[in-house]
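Below is one structure, written out as structure tokens; comments come after it.
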Amino acid sequence: MAKPMMLQDEDDRTIQKLKILMGAQTKIEVVRQALRLLAQRIAHQKKIIQWKKAAQLASSESYEVLREFQSYSRLKKHE
């Protein structure tokens, strides 16, 4: 079932310009493509947040392991 959508005149002109640039047959093709891109962007942002959390959780443990391997340094004089 179709849902009516009220567009502002400026939005309608923008969609019309994009329709021509994309070579789309209908305005709804433009809107659907925009929605797909928006969904991809949101998914990417969620992944970045997950990566940051994972890196933050691993950083403290990683630092401890790194310290264990740096007990000997060629640059420091050992007695």
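Computed from the coordinates by the stated procedures, all read-outs in this text should not be read as laboratory data. Quantities reported herein were computed from a predicted structural model and do not represent experimental measurements. Cβ coordinates were reconstructed from backbone atoms using ideal geometry, including for glycine residues, and neighbour counts include every protein chain displayed.
Partners of Lys3 within straight-line reach, counting aspartates and glutamates whose Cα lies under 16 Å from its Cα and excluding those fewer than 8 residues away in the same chain: Glu29. With the dipole of the chain worked out from charges on the C-beta (+1 for Lys and Arg, -1 for Asp and Glu) around the Cα centre, which of Pro4, Ile42, Ala54 lies farthest toward the positive end? Projecting each Cα onto the dipole axis, the largest value belongs to Ala54. Computed from Cα atoms, the angle from the helix 9-22 axis to the main principal axis of the chain rounds to 80 degrees. Seen against the Cα atoms of the chain and their longest principal axis, helix 27-69 is set at about 10 degrees.
Between Leu18, Leu66, Leu35, the residue with the greatest mean-square fluctuation in the GNM of the chain (Cα pairs under 10 Å linked by springs) is Leu66.
Over the chain, the alpha carbon radius of gyration divided by the compact-protein estimate 2.2 N^0.38 Å works out to 2.28. Among the aspartates and glutamates, which fall within straight-line cross-link reach of Lys46, defined as a Cα-Cα distance under 15 Å, with same-chain neighbours fewer than 8 residues apart omitted? By straight Cα distance, Lys46 reaches no aspartates and glutamates at all. Under 15 Å from a point 7 Å along the Cα-to-Cβ line of Glu29: which residues of the range 1-21 have their amide N that close? Zone members listed by number: 15-21. In the chain, the DSSP-assigned H stretches of four residues or longer account for a calculated mean residue ellipticity at 222 nm of -26000 deg cm²/dmol, using -39500 (n - 2.57) per stretch and the full residue count as denominator.
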